[in-house]
Amino acid sequence: MTTSVQIMTEDMVFELAENESLLDALERTGHHVEYQCRSGYCGACRIPLQAGSVDYPRPPLALIRRGEILPCCCTVNEPLTLKVHLRSKKLAG
């Protein structure tokens, strides 16, 4: 089994570590992803998937359309290309 998977976003390429959720990895690398539940119930973390594939251990209750994923609860199958950006450096005012 592969211990890491390559994730490409609008701003960088990084490795998803074994047993790390995609949402955790996006947060770790400074990407901006909204979330509420981390369990696939609300859909707030929905992001566009440009390439690659994911599975869900349990079907999420939130609606996801073709070309979207929930990084809080998906399992990454292969390298992904995602349409998500780094957090803005100008958050505080």
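Worth a mention:
- No other residue among 27, 10, 15 is modelled with pLDDT of 95 or more, part of a loop (DSSP other than H, G, I, E, B) and on the phi < 0 side of the Ramachandran plot apart from 10.
- Residue match in region 11-31 (condition: in contact with a Cys (Cβ under 8 Å, 6 or more places away or on another chain), surrounded by 14 or more Cβ atoms within 10 Å (Cβ to Cβ) and of a type in the set (A, V, I, L, M)): yes
- Some residue of region 12-30 being closer than 10 Å to residue 70 by Cα and under 13 Å from the mean Cα position of the chain (by Cα): yes
- When the criteria are applied in full, residue 34 fails the requirement of being out of contact with any Pro (no Cβ under 7 Å at 6 or more places or on another chain), surrounded by fewer than 16 Cβ atoms within 10 Å (Cβ to Cβ) and not in a loop (DSSP other than H, G, I, E, B).
- When the residues of region 38-49 are filtered to those that are crowded, with 16+ Cβ neighbours inside 10 Å and of a type outside the set (A, V, I, L, M), the one that is farthest from residue 67 (Cα to Cα) is 38.
- Residue within region 39-46 that is touching a residue at least 40 places away in the same chain (Cβ under 8 Å) and part of a loop (DSSP other than H, G, I, E, B) present: no
The values are calculated or read from the model by the stated rules, or taken from the named source; none is laboratory data. All of these numbers come straight from a predicted model, not from anything done at the bench. All Cβ positions, even for glycine, are placed from backbone atoms using ideal geometry, and neighbour counts span all protein chains on display.
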